[in-house]
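Okay, so here's the structure we're looking at.
The values are calculated or read from the model by the stated rules, or taken from the named source; none is laboratory data. Every value quoted in this text rests on a predicted model; they were computed, and no experiment measured them. Note that we place each Cβ from the backbone using ideal geometry, even for glycine, and neighbour counts take in every protein chain shown.
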Amino acid sequence: MNSEDIETLRKIGLTTYEATAYITLASLISATAVEVSKSSQIPRSKIYEVLKSLAEKEFIEIETGRPLKYNIKPPITTINKQKEKLNTELDKLASKLNFIYENEIKQVPAPVWKISGVTNIIQKEIDIIKRSKETISMRIGFLFEDELEIIIKELKKKNETVNINVLISPECPYEHSDANIIECFKKEGINVYEADIPSVKMMIIDGKEMFHTYTKINEDKNEIMPNSTIGVWNQYEDVAKNYESNFKKQLKKIKMKKEE
């Protein structure tokens, strides 16, 4: 019996004995408690309690008779049902804890954090986009490997309810140099404009928080140097509003120039 399978079943709420009995029944299909005990090596003193618990958790069914028969339900149906239940519970917990987090973090005396590592920075960008309720303003002076697809995917989820505007440098360093970055945004209906901006990324959400990302660029190859990357997450609302105001002014000038 594979210990990894038992550990996986434990993650969706079964005990070690329950997982062992369940895997055993997958091969027996239908069996008495004594047969399950013998095949699984679970003590007889424990097997009835274990099988009863599996039935209560809807992994198996009990067939009346003498002796009782224990029948396994189709595993694909049962496990998918448990997975959906767990995902629902995790989503509720995430929403609950995030609500607490967003309310309490405002009380932090100095809401500025440095974030290192490309993976951590991209994840923070995703988290910030998900929190947006009114506006997302982005200046993109460079992109990490495969970041374009990730960012567009998250922005698409918000595009109908949040006012999104993206400014992108025509010289934007990106590993996939053949990709037309602006067209990738336009294709998904996201407001995007070409702008003369430095090799820095900035994201402002609802005029309340902002995220700057800085990196060194190999100018000869026009490539990002990921190990030099640093993100600065700033929740000083006055600072965010100031940057938002400057962003709007720059956006207005670009729109006016475009209309000429």
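Details
- GLU188 vs. criteria over 22 Å from the mean Cα position of the chain (by Cα) and closer than 16 Å to ILE140 by Cβ: no
- Residues satisfying the stated conditions in the stretch 66-95, i.e. among the basic types (Lys, Arg) and loosely packed, with under 15 Cβ neighbours inside 10 Å: ARG66, LYS81, LYS83, LYS85, LYS92
- Filter result for LYS124 (at pLDDT below 95, loosely packed, with under 13 Cβ neighbours inside 10 Å and assigned to a helix (DSSP H, G or I)): no
- Single residue of VAL118, VAL192 found to be touching a residue at least 24 places away in the same chain (Cβ under 8 Å) and under 21 Å from LYS249 (Cβ atoms): VAL192
- Residue in the stretch 203-210 that is in contact with a strand residue (DSSP E or B) (Cβ under 6 Å, 6 or more places away or on another chain), farther than 24 Å from GLY117 by Cβ, in the same structural domain as GLN123 (by TED's automatic domain parsing) and charged (D, E, K, R) present: yes
- ALA94 vs. criteria in contact with a Ser or Thr (Cβ under 9 Å, 6 or more places away or on another chain), among the small types (Gly, Ala, Ser) and in a helix (DSSP H, G or I): no
- Taking each residue of the stretch 76-99 that is touching a residue at least 40 places away in the same chain (Cβ under 8 Å) and looking for partners that are assigned to a helix (DSSP H, G or I) and surrounded by 11 or more Cβ atoms within 10 Å (Cβ to Cβ) with beta-carbon atoms closer than 7 Å, six or more apart or interchain, yields nothing.
- Within the stretch 131-148, residues that are closer than 14 Å to VAL166 by Cβ sit with their Cβ atoms under 6 Å from residues that are modelled with pLDDT under 90 and among the aliphatic types (A, V, I, L, M), at 6+ positions apart or across chains, in these pairs: ARG139/ILE197; GLY141/ILE197; GLY141/VAL200; PHE142/ILE224.
- Looking across the stretch 127-155 at every residue that is under 12 Å from GLU209 (Cα atoms) and touching a Phe, Trp or Tyr at 6+ places or on another chain (Cβ under 8 Å), the one that is surrounded by the fewest Cβ atoms within 10 Å (Cβ to Cβ) is identified as ILE128.
- Summed over the stretch 17-65, residues that are assigned to a strand (DSSP E or B), hydrophobic (A, V, I, L, M, F, W, C) and surrounded by fewer than 19 Cβ atoms within 10 Å (Cβ to Cβ) total 1.
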